[in-house]
Amino acid sequence: MRLRVLSRQDVVDAVPMATAIDAVAEAYQELSRGRAQSPVRLGLDAPLGTALFMPGYLMDSGAMGAKIVSFFQQNQERGLASIHGIVLMLDPETGVPIAIMDGTYLTALRTGAGSGAATRALARDDARVLTVFGAGGQARAQIEAVLAVRPIDEVRVVSRGGASARALAAELEGVAARAVDDPSEAVSGADVICAATTSKTPVFPADAVDPGTHINGVGSFKPDMQEIAAELLQHARVVVDARDAALEEAGDLIIPIADGLFGEHHIAADIGEVLSGRAEGRRSRDEITYFKSVGNAVQDVAVGLRAVREAEAKGLGTTIDL
């Protein structure tokens, strides 16, 4: 068995953000058409973190594989990243493993690409101001993705304590960027908001959000996590990556539904339905739109397949015999 091994840098070189956005947008549409297999992921809870196992198969694209990703928040105290992952790709005709690659960067890339696809479909065309909650690898990818699809000229970054927000803002090039300590100030006047935290309580007040804002919620992935205030979602057009997974894993939706603030029908559409034109996206300039993603394996295998194809064309990575 010959297996191509791709490092983080190989994935960076193989798949630019714009390519990842297109790949994820196509995968979302296959998923909404019933042309994908993506079981709700299996999670294992350890004392200090969680490991997730996520298989996926895109029938039309021919992408098949699986990802293992772990979230251990206290790793930062050990000088380690909080998220680690690995992606295995298979030949869909033979089942033979064909590649294994760094999944830590790929997770941030495909999550950013999901927000990029949703922002392209739901945000106002003239969106200029982006606010991001969180300042880790996910936040960087969120910024890169939104910059790829909208003419953003100001980025505001908010983080717990503020130090990481200031560091991230200082790293950004080609756009005015600053750290903001006050969440209300950060979202006032923002056209796009990205929440990339693991918070169990809303990270900004509902009444500070302006009409017409688009929100991407990508950080929370458990039923007890809630980045976005329920009263904001009551008046927003809600779109999800996958309805079944969102109703099982997204605390942002599970908690207000359990509290009786709205029902499952409040989810207007899957993003694949919007992207394919089978469901409405933004209906007015003043409508607040909200995209909730808990992450789906179709994103991983779609971007993983692009990485494999480009790596083969460019001779990237290392080929080993097992």
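Divided by 2.2 N^0.38 Å, where N counts the residues, the Cα radius of gyration of the range 140-207 comes to 1.07.
Among the trypsin sites (Lys or Arg not before Pro) in the range 183-288, those placed in a DSSP loop whose Cβ has at most 13 other Cβ atoms within 10 Å are K200, R278, R283, R285. Checking the a/c ratio against 1.5 first, then a/b against b/c, what shape does the Cα gyration tensor give for the range 175-237? Oblate is the answer for the range 175-237, as a/c is 1.5 or above yet b/c matches or exceeds a/b. Pull out a ≥ b ≥ c, the square roots of the eigenvalues of the alpha-carbon gyration tensor of the range 191-275, then state rounded if a/c is under 1.5, prolate if not and a/b is larger than b/c, and oblate in the remaining case. Because its axes are fairly even, with a/c under 1.5, the range 191-275 counts as rounded. Take every Cα pair under 8 Å whose residues are at least 6 apart in sequence, average their separation, divide by the length of the chain, and the relative contact order is 23 percent. The convex hull defined by the C-alpha atoms of the chain has an orientation-averaged projected area of 15.9 nm².
Entry note, the chain: the mean residue ellipticity at 222 nm calculated from DSSP H runs of n ≥ 4, each adding -39500 (n - 2.57), is -10500 deg cm²/dmol after division by the residues and rounding to the nearest 500. Remark: the range 1-93 carries 51 Å² of accessible area per residue (probe radius 1.4 Å; ligands, DNA and RNA excluded). Taking packing as the residue-averaged number of other Cβ atoms within 10 angstrom, the listed peptides 258-269, 126-137 run from highest to lowest as 126-137, 258-269. Computed from backbone phi, the HN-Hα couplings of the range 104-114 come to 5, 5, 4, 4, 5, 4, 6, 5, x, 5, x Hz, rounded to whole numbers (Karplus: 6.51 cos²θ - 1.76 cosθ + 1.60, θ = phi - 60°; Gly and Pro given as x). Net charge in the neighbourhood of E287 (other residues with Cβ under 11 Å of its Cβ; Lys, Arg +1, Asp, Glu -1) is +3. Sequentially through the range 153-169, phi angles give Karplus couplings (6.51, -1.76, 1.60; θ = phi - 60°) of 10, 9, 10, 10, 10, 10, 9, 5, x, x, 5, 5, 5, 5, 5, 5, 4 Hz, Gly and Pro residues having no value and appearing as x. Taking square-rooted eigenvalues a ≥ b ≥ c of the alpha carbon gyration tensor, is the range 95-136 rounded, prolate or oblate, where a/c under 1.5 means rounded and, failing that, a/b exceeding b/c means prolate? The shape class here is oblate. P(r) tail for the range 18-76: Cα pairs beyond 15 Å make up 59% of the total.
The values are calculated or read from the model by the stated rules, or taken from the named source; none is laboratory data. Every value quoted in this text rests on a predicted model; they were computed, and no experiment measured them. Backbone-built Cβ (ideal geometry, glycine too); neighbour counts: all protein chains shown. Please note that ligands, DNA and RNA were not included when accessible areas were found on the heavy atoms of the full protein model with its side chains. Shrake-Rupley method; radii C 1.70, N 1.55, O 1.52, S 1.80 Å.
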